[in-house]
Amino acid sequence: MDTTALLLADGRFPSGGHAHSAGLEAAVAAGQVNGLPELETFLRGRLATAGRVAAAFAAATRRVAADEPEPAATVTLLDEELDARTASPALRRASRRQGRALLRAGRATWPAPLLNRVPAHPDGYHHPVALGLTAAAAGLSPADAALIGAYGVLTGPASAAVRLLGLDPYGTQALLARLAGACDAVARAAVADAALPPADLPAHTAPLADIHAENHATWEVRLFAS
Amino acid sequence: MRAHARLSAEADGRGGTRLSRLRAESPLLLRQTGATGGTVTVHLVGGAAGPLGGDDLRLDVAVGPGAALCLRTVAASIALPGRRGERSQYTVSVTVAAGGVLHWLPEPTVAAAACHHAALATVDLEQGASLVWRDELICGRHGEQPGDLTVSTRVRYAGRALLHQTLEIGPGADGWSGPGVLGGARATGSLLRVAPHEPPVAPRLLGPTAVWMPLAGPAALITATADTSQRLRDYLDAALPALADT
């Protein structure tokens, strides 16, 4: 992990991620997350489901994008496999919007020719694919891509929780520090998975992620885009 | 216990369906229980309690062009632990040819305390095949916490991934009962409907914890959590009343 990786992992990287709560806003509205203890189980569940998928697909995309001479077909396949792993249309939209914003910022920050070997997706690539492509352009490793993917699954909802629930920021950071080992383990497993065929990558799912996302999409007033 | 059962359904050329192969192996016992309106119904009759830790059960189902098969089970399956904590596995492989129809409507799987079970299904649909696929999971019998159970379902349509979901519950799955995954619900399930000849559905809320969603491919999925198996079934049935008495 070096400065380049820290730049891409930073919540201040201008990819619009701060606008998304990854289901936390809906979980708070449903009365299921009121404080740090529930936030911890929420984050542990997210890490074991969305975190595993995001980390594995980011690492796999990074591997293909930087290591294969003609990555376009496999990158498209990875993106289709994420569609099959994302039942909720609201989550598919949120993932593609974040992917498009990330790739735009990534291209401007690290204008590497290897990105030209991959066609643009009309709706934007899914976020983990965009993360893998950006990591490749930045010269980062699959391990970096996996770790940044898993880390983002934790930090997005954690900072949303501080805003939504007025949680103590020190307590929230202490919680994230407690989850560091679990996050590292997810990233390590993702690196091992990254060489598998796209069909065999993790597909861990959480029923409430779909249910919360679809409920949230019907709200007229909301603080976060997802 | 190891068992490998095979079931094939073919169009009989007169608008109906016949079973061209029905090879059962205890505890996977298969009985044809009906044939109405071109659809053959087969029940899987549990020949023993289980699956039990150490079991390796396989079921292959093939539905030919123009054939229609409905597969049900007579009772819930209860995944139970083996004596030494061995894993049990139930692997289902399904193919449905163009113009074929499969309704897969089993009773729920119950994850008993200390079970260590995996239910793995792969479904390959040719272009023009139709499918209804129900999955229901109950987390523990009355008043008990479930063991480790994985349900993984992968469906391909015309050679492309349509739906791929893996749900893990139990002590080995971090955060599974929390607000990010099941929110304390004891029952969860889904109903996939692949209907290539019907227009796509719009997303719809069926209740506070049940949604009906169009997938990226020619299919829709209901996903729900509930306090009881009956409430779960109501959610899954409510959106598809025409299927309730299939």
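For segment B:211-220, the candidate set comprises residues that are touching a residue at least 40 places away in the same chain (Cβ under 8 Å) and buried (at least 23 other Cβ atoms within 10 Å of the Cβ); within that set, the residue that is nearest to the other protein chains (Cβ to nearest Cβ) is B:LEU215. Exactly one residue among A:SER95, A:SER88 is touching a Ser or Thr at 6+ places or on another chain (Cβ under 7 Å), within 14 Å of chain B (Cβ to nearest Cβ) and not hydrophobic (A, V, I, L, M, F, W, C), and that residue is A:SER95. Within segment A:196-226, the set of residues being assigned to a loop (DSSP other than H, G, I, E, B), aliphatic (A, V, I, L, M) and either modelled with pLDDT of 95 or more or closer than 15 Å to A:VAL33 by Cβ (or both) comprises A:LEU196, A:LEU201, A:ALA203, A:ALA206, A:LEU223. Against the test of being within 11 Å of chain B (Cβ to nearest Cβ) and either farther than 18 Å from A:THR205 by Cα or crowded, with 24+ Cβ neighbours inside 10 Å (or both), the options A:THR61, A:THR41, A:THR74, A:THR49 yield a single qualifying residue, A:THR49. For the residues A:LEU147, A:LEU167, A:LEU176, the requirement of being in a loop (DSSP other than H, G, I, E, B) and either away from every other protein chain (no Cβ under 14 Å) or within 30 Å of A:ALA108 (Cβ to Cβ) (or both) singles out A:LEU167. Can you say whether A:THR218 is under 30 Å from B:VAL151 (Cα atoms) and among the hydroxyl-bearing types (Ser, Thr, Tyr), as far as the supplied structure shows? Spelling it out, A:THR218 is indeed under 30 Å from B:VAL151 (Cα atoms) and among the hydroxyl-bearing types (Ser, Thr, Tyr). Checked against the criterion of being within 17 Å of the chain's Cα centre (by Cα), within 29 Å of A:GLU40 (Cβ to Cβ), within 9 Å of another protein chain (Cβ to nearest Cβ) and in a strand (DSSP E or B), segment B:167-176 has at least one qualifying residue. Among the residues making up segment B:178-202, those that are surrounded by fewer than 21 Cβ atoms within 10 Å (Cβ to Cβ), within 11 Å of another protein chain (Cβ to nearest Cβ) and either out of contact with any Ser or Thr (no Cβ under 8 Å at 6 or more places or on another chain) or in a strand (DSSP E or B) (or both) are B:PRO200, B:VAL201, B:ALA202.
Residues in segment B:4-29 that are surrounded by 18 or more Cβ atoms within 10 Å (Cβ to Cβ), within 19 Å of the chain's Cα centre (by Cα) and modelled with pLDDT of 95 or more: B:ALA5, B:LEU7, B:SER8, B:ALA9.
Cβ-Cβ distance below 9 Å, separation of 6 or more or different chains: which pairs start in segment A:196-207 with a residue that is facing chain B (nearest Cβ under 8 Å) and end on one that is surrounded by 21 or more Cβ atoms within 10 Å (Cβ to Cβ) and modelled with pLDDT under 95? Qualifying pairs under 9 Å: A:ALA206/A:GLY23. Scanning segment B:155-166 for residues that are more than 7 Å from every other protein chain (Cβ to nearest Cβ) and surrounded by fewer than 20 Cβ atoms within 10 Å (Cβ to Cβ) yields B:ARG156, B:ALA158, B:GLY159.
Looking at A:SER15, A:SER95, just one residue is outside any helix (DSSP H, G or I), of a type in the set (Ser, Thr, Tyr) and touching a helix residue (DSSP H, G or I) at 6+ places or on another chain (Cβ under 6 Å), and that residue is A:SER15.
The condition (being farther than 20 Å from B:GLY189 by Cα and at pLDDT 95 or above) is satisfied by just one residue among B:LEU125, B:LEU102, B:LEU131: B:LEU125. When you check B:VAL110 against the structure, is it over 20 Å from B:ARG21 (Cα atoms) and either modelled with pLDDT under 95 or touching a Phe, Trp or Tyr at 6+ places or on another chain (Cβ under 8 Å) (or both), yes or no? So B:VAL110 does not fit the description; no. The criterion of at least 2 residues that are of a type in the set (S, T, N, Q), free of Cβ contacts under 8 Å to residues at least 60 places away in the same chain and within 18 Å of B:LEU105 (Cβ to Cβ) is met, among strands (runs of 3 or more DSSP E) falling completely within segment B:7-79, by B:28-36.
The values are calculated or read from the model by the stated rules, or taken from the named source; none is laboratory data. Because the structure is a prediction, the values reported are computed rather than measured. In this analysis, Cβ positions are derived from the backbone assuming ideal geometry, glycine residues included, and neighbour counts consider all displayed protein chains.
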